[in-house]
Structure formats: structure tokens, C-alpha cells
Amino acid sequence: MYERSSVGELVNQLRQELDRYSHGGKLPSSRALVERFRVSPVTVSRALAQLAAEGLVVTRPGAGAFRAESRTAPAPAGDTSWQEVALSADGAADLVPRTVDASGVLVSLAAPPPGVIEFNSGYLHPSLQPEQAMGAALSRAGRRPGVWARPPVEGVPELREWFARSIGGAVTAAEVLVTAGGQSALTTALRALAPPGAPVLVESPTYPGMLAIARAAGLRPVPVPVDADGVKPALLADAFRATGARVFVCQPLFQNPTGALLSAERRGEVLRIAREAGAFVVEDDFVRRLVHEDAGPLPRPLAAEDPDGVVVHVCSLTKATSPSFRVGALAARGPVLERLRAIQVVDTFFVPRPLQEAALELVGSPAWLRHLRAVSAELRRRRDAMTSALRLELPAYSLPHIPSGGYHLWLRLPDGTGGTSQAFGSGGESALVTAALRAGVAVIAGRPYFSAEPPAAHVRLSFAGVAGVGEIAEGVRRLRVAQEGTTAHS
């Protein structure tokens, strides 16, 4: 049993037993709880801390834990209906509505109910995360002199240097800003590069979190189709001419959701087209460290091949570590760097120094490379297991591209499942996703990945957020059951 599930179970048990104690009454000692529930002292400590955060328990160092005093009844809810008018009153002046739709992001962040297999996760399963190495790095970082002092707003110099070396080419530490993860970096980049109402070119399909950022900033996403070799250069050039856009956001390496790798022939074309359009390319290099064991040599980031400052590079340590290890980087050259820096300072001041120092400790340790090798081998094993299971259980699902990096597969749903593939559309996808959840597996519909009407129905399946290949086989079996049920009712 994982520590986090043990903590949750102990919290629930203690919460149910609190009525046995008077307000202010002392709970059993930590040692007694360890012996009674057969859990570790760490589990007991975390459970009591959670109850204290809920206001149910008070802990006193050296004395123990006590039931909190009786709380007064909450104040009656007020009337917040006025906010609907206030939030919309100025909307008529917006060229593009700036409503915030986080549904496409939340679907990969929300934990499904117990017993449901997570094919919707955007992160590594706890068994794949380098928890011991991160804990050791955080401990060592905490002992560094000045670790709680204010860091430079651009980031700790040594960490900026490490990111610059990772990107390669002529990128220097002076051209790197440390960010609070990739999502924060993308937000800063789009705010810096395009004013509200402006068009921004995006791959189609693409990462829903980026589409949400663009729309929340009042930008207008314009889709440019991709295939197995990445974005199509001729269509990219057409889109620049038709829209006058000055920004193109792309994921050249193991694109989300298709897994496509921008081909060597297209890499130079993309940079040339953007340069001729006087536009920036925002390169979201989000899974470079999740390459599979059987992949060949990886192409360098576009930023490493860009002497003219066309590319604004985004990368992060989060995908290869933990969703809570939110350390990333922005890299750019020229006047745009100062604008990026200014926006980040206004928004967040800086990334907490202890986290930056912990990142330095982690990537500088032997455990880091061991972790990356282990994840590389395991992701390949899981990808192959999911691919085999899909071909066995759901042969009608189209899997045109099997990536050699990343953590998911992108499937086109079969024609005739709830109607033709076109008629199946987002409504049919929703029906399948709902049926899958009832069958005990969480998957992600394809519709949120398109900024305009999708050409066909899709689902995205992650193989990184499950416990192992056994869960993958069972999850695909449950998806087949859900598919059969959806087809039967169409």
C-alpha cells in the first residue's frame, strides 16, 4: 500500500472516532496509533497534520494531539449573484472573450474514484517518481547556506547554467529564466508575445492547457494541422499570411497528444517561415526527459539551432519527477527576454529558492541519471503493453503513430461507433468517456485538444499514471467493455 493511501485511510478512521473524546481531550499517543493501526510513524504524523489542518485536532509539541474545541457554526452564505454582472460588464469591449475554461486541464489533474484505472493522468505514477532522491535533494538543499534568502528574480545562477547546458547550442545562462513549471512559463510567454485579441497559431490537435492559457489572455487560437512528421510547413505559412499572427506555439518533440516528432526536414522550414513572418516560435519541450529506451538520438531543441531569437524555449523538470516539483525554464534572446522577465517578476516575483536549490541537488546527483534510465525502460515496456492490449482488445481503434517518447497514445475511434467517425464527434466521445468511467477506467476525450471542429473522434490514453502493465491490460479490457456498451446503445 502506498504511503498516501495509508494516510487517507488513517485520517478517515481517526475522524470517525473523534466523537469518543471530549473537546480538548487527548488522543492516543503516536506510538499507540502506530501499534494499533500497524502503520509507520510517518503515516501517523501526516494523518494528524491533516486533521489539524482541518481544524479537528490540535497538536502540541511534547504533549501530544488533542481534539479541537467546539467550532462555532459557519456564517450563513451570502448572495454572490452580483458577481456574474461584475465579471461580464466589460466583456463587450473584448475582441475575444476572456472566460477561463480549465476543464481540459482538470481532466488530467483530477484523481478518479478509488478502483478506477487512471489512463487520464498527465504525470508519472508514484512508483515511477524519484521520491527518495527528491527527498534527499530537498534535505541537502535545506542545509545550504542562505537557502531561505531571496534568490535573484531570474533564478539561481547555477540552475540557469544547468538549463542552458541542457538546451545546448549557443544558449547561455544569461538567456534563461527559472519558472514555476512549464504551465507558468507558457503563460508568461503568451502574455509577453501577443496582445489581447491577437491570433496565435497552434498545432492541431494540441495541449488543452495551452489553449486555455491563450483564451484566458484574450488570444484567438488558429489551428495548423500536424501529421506524423509534425506541423505541416505549407499550412503554417498559409496561416501566417492569412492571420498576420506573430506567434506559433509548438511541441516539436513527442507532441501532445499525437506523439509526433518534428522531422529534420521540417525543423528548418518552421524556423524559416516564422522568421520571414516576423514571428516568434514558442517551443514547448515538455517531455525531453521521458524518452523511451528504444528511441534513437534525439534532435536538439529548436532553440539550439536559432541564432536570430525566433524561438522562445519552454522546458520543465516536472514531467520527469513529480507534479509538485514545479521547476522549469524560459530561454530567449534579444529584447523579448526583458519583457518575459518583467512579466514573470510582476506575476510571481521569483521561484522559491529552496525548490531551486533542491532542483540543483537532484540533477547533480548520481540518482538523477539512474532515475531517467529506469523511467526510460519502464515507459517503453508500458507503451508496448498498451499497444499490444489495444490491438488485441480493440483492433478497430486506429493507432497511426507509436511514439518513442512521452507517456500516452492517441487513438482515432472507429467509424460506426455511435455513428460514423464524424457523426460520432464530441458527443460520442463523451458517451464513451462516461461509459469507460462506469466500467472503471478514466480516459480523456479528444475534443479539448482541438481549437476548432475536430476532423474525427479520438481518445488519449496515458500509460504513465498506472501501477504497472497489469493495470494497463485490465484498463484496456474495461475500455473494450465500455466500447461495446456504447456501440450497443447507438
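Coordinate-derived values only; no laboratory data. Since the structure is predicted, the reported quantities are computational estimates derived from the model, not experimental observations. Virtual Cβ from ideal backbone geometry, glycine too; neighbours counted across all protein chains shown.
Observations
- Length released on extending from Leu392 to Glu484, taking residue separation times 0.36 nm less the Cα-Cα span: 31.7 nm
- The calculated FRET efficiency for the pair Asp101 and Arg165, based on their C-beta separation and a Förster distance of 45 Å, comes to about 0.75.
- By the beta-carbon count within 10 Å of each Cβ, the least crowded to most crowded order of His371, His408, fewest first, is His371, His408.
- Cβ-Cβ FRET estimate between Ala63 and Ala110, R0 fixed at 41 Å, reported to 0.05: 0.60
- The Cα center of the stretch 346-385 and the Cα center of the stretch 244-314 differ in position by 21 Å.
- Contact order, relative form, for the stretch 3-67: 41 percent (alpha carbon pairs under 8 Å, 6 or more residues apart, mean separation divided by residue count).
- For the peptides 346-355, 472-481, 280-289, the ranking by mean Cβ contacts within 10 Å, running from highest to lowest, is 280-289, 472-481, 346-355.
- Equivalent ellipsoid dimensions for the chain as semi-axes, Å, which come from the Cα gyration tensor, largest first: 38, 30, 25
- A Förster distance of 22 Å, applied to the separation of the beta-carbon atoms of Asp227 and Ala452, puts the FRET efficiency at 0.85.
- Computed over the chain, the per-residue total of -39500 (n - 2.57) for DSSP H runs of n ≥ 4 gives a 222 nm mean residue ellipticity of -13500 deg cm²/dmol, rounded to 500.
- Kirkwood Rh, angstrom, the stretch 131-365 [1 / mean 1/r, Cα pairs]: 18.0 Å
- Per residue convex hull volume, Cα atoms of the stretch 3-67, in Å³: 76 Å³
- Long-range HN-HN contacts of Val222 with modeled amide H, under 5 Å: Val200, Leu201, Val202
- Among beta bridges that DSSP assigns inside the chain, antiparallel share in %, nearest 5: 55 percent
- Look at the dipole of the chain built from charges on Cβ: of Gly259, Thr487, Phe248, the Cα furthest out on the positive end belongs to Gly259.
- Relative exposure of Tyr207, Tyr21, judged by other C-beta atoms within 10 Å (fewest first): Tyr21, Tyr207
- Rounded to the nearest 5, the antiparallel percentage of DSSP beta bridges internal to the stretch 141-278 is 20%.
- Here the label points at Arg370 and Phe349, each 7 Å from Cα along the C-beta direction, are separated by 3.7 nm in the simple model.
- Inter-label distance for Tyr21 and Ala49, nm, one decimal - labels placed 7 Å from Cα along Cα-to-Cβ: 1.8 nm
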